[in-house]
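Structure, as structure tokens:
Taken together, the values in this text are just the output of simple stated rules run on the coordinates, not laboratory data. Since the structure is predicted, the reported quantities are computational estimates derived from the model, not experimental observations. Please note: Cβ atoms are built from the backbone with ideal geometry, for glycine as well, and neighbour counts cover all protein chains shown.
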Amino acid sequence: MLATLVPMFDENMAVKGYSVFAQRENYLLDPIKSSSGRLDSAMRIEGLEIVEGLGLDTLSSDREVFIPISNVSVFNDIKAQCDAPPEKIVLLFDHSIKPNETYVNRLRELREQGYRMAIRKIPLNEFGDYKPIIDQMDYMFLNHKRVSIEKAKKLFNAIYPNVKLCAVAVSTQEEFEELKKIGGFDLYEGEFFRVPVNGVDTEANPLKATYIELLRVVNDVDFDLTDAADVIEHDPALVIQLLKMVNNMTVNSGITSVRHAAAMLGQKELKRWINTAVTKELCADKPSEITRMSMVRARFAENLAPVFQMAGQSSELFLMGLFSVLDVILDKPLDEALDSVKVSKQIQDALLREKGPYAEVMAFIEEYENASWQEVSRIMLLQDLPMNDVYKSYLASLQWYKELINL
């Protein structure tokens, strides 16, 4: 099993939901399953299995989860597969659901059960034919590169005023801003939210400057605990977090100072905590998805270390994932952002030049995030990566992130 979450934003860059993209088998390892295996599992709904296994709180908290449903699995007993409240799940269909009586009646049954629904990949010239289907939908996904958005907007305002529009395949910030001007969209999906910053040279505000200084201290080869503690003292929020964590780890700790707390934590754990906590603070004025991406990438990279035969470099891989969107966090080009926090050459090679062994892990994570399952399967085949180990590494990352933000 492979699975990932693809975020969906509103026009204010707030995450409003996630689409679950999943694949059960690595068909490159067993080509026969590419035909018979897919048919055999057509009735299974992988996204629902993930929701049932992890729970909605781990996956998306209070946001909707879009689950792809095939023209075969639509006839499954969906409630029997997942106990999650139907109103939190959006069943996502495509053009394989035909506008005939059988499918329309089934969609009506699902709506009566409380499920919300969305559809994608319907050509504009077939919207009329699909009216019985679209009438049952809450969302319509539109690819602005294949459909005239202006025409689609007019059509939906006139015929389907209650259907929310979602713009998909939004690649750049420029595309995002243009679609916002056109208006009419409730959700946006694509890579636009993580496009690297180019040519921006913005000075960090005083609080960010403190955080960056702290990162510089702890990422030195052999940093001094007291130096780190002295910088932490400049920010009350970090002091509170540090004392809370140390108190949770020990009984009757009797902490007398920030330096004392840092000493009790130790160099390795203090460095790990600072890199994580400070990144959370740096992301405070960014879309929440940037925080999630940074943290999940960090833990996913660390979890993948033994899978890639790099167990001894797990801490470095954690930092690589954590700082992979540092340009977005700091509003600086990535090379300047990485210089400001003093990371190793191996991490810089991976993130700036796509070179070195760490780069292979980073490239794999990015393909996994994008649900590029064919490329992910190819890498797993070439690197001899067990699919279940990869999947478990990703799910463990989501669980860790949930626990982290609830500290």
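Here are the numbers for this structure:
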quantity	calculated
Likely footprinting exposure, Lys332, Lys145, Lys392, fewest C-beta neighbours within 10 Å first	Lys145, Lys392, Lys332
Length-normalised contact order of the chain in % [C-alpha pairs under 8 Å, at least 6 apart]	16
Estimated 222 nm signal from helices in the chain, with DSSP H stretches of n ≥ 4 weighted -39500 (n - 2.57), rounded to 500	-14500 deg cm²/dmol
DSSP-defined beta bridges in the chain - what % are antiparallel, rounded to 5	30
Whole-percent pair-distance distribution, where bins are 10 Å wide, for the alpha carbons of the range 80-188	13, 45, 31, 10, 0
Convex hull per residue volume in Å³, alpha carbons only, for the chain	153
The range 261-407, relative contact order [Cα under 8 Å, separation at least 6], %	23
Proportion of all alpha-carbon pairs of the range 265-320 beyond 18 Å (%)	37
Candidates Ile149, Ile240, Ile133: whichever shows maximal mean-square fluctuation once the chain is modelled as a Gaussian network with Cα springs under 10 Å	Ile240
Crossing angle, helix 373-383 versus the chain [Cα axis fit, 0-90 degrees, rounded to tens]	50
Percentage, to the nearest whole number, of Cα pairs in the range 345-402 over 14 Å apart	61
Alpha carbon convex hull of the range 292-338, projected area averaged over orientations, nm²	3.1
FRET efficiency for Asp129 and Ala311, using Cβ-Cβ distance with R0 set to 60 Å, rounded to 0.05	0.60
Helix 149-159 vs. the chain, principal-axis angle (Cα, 0 to 90°, nearest 10)	60
Stokes-Einstein D for the range 206-405, Kirkwood Rh over Cα pairs, 20 °C, 1.002 mPa s (µm²/s)	122
FRET efficiency estimate (nearest 0.05) - Cβ-Cβ, Leu381 to Arg146, R0 22 angstrom	0.10
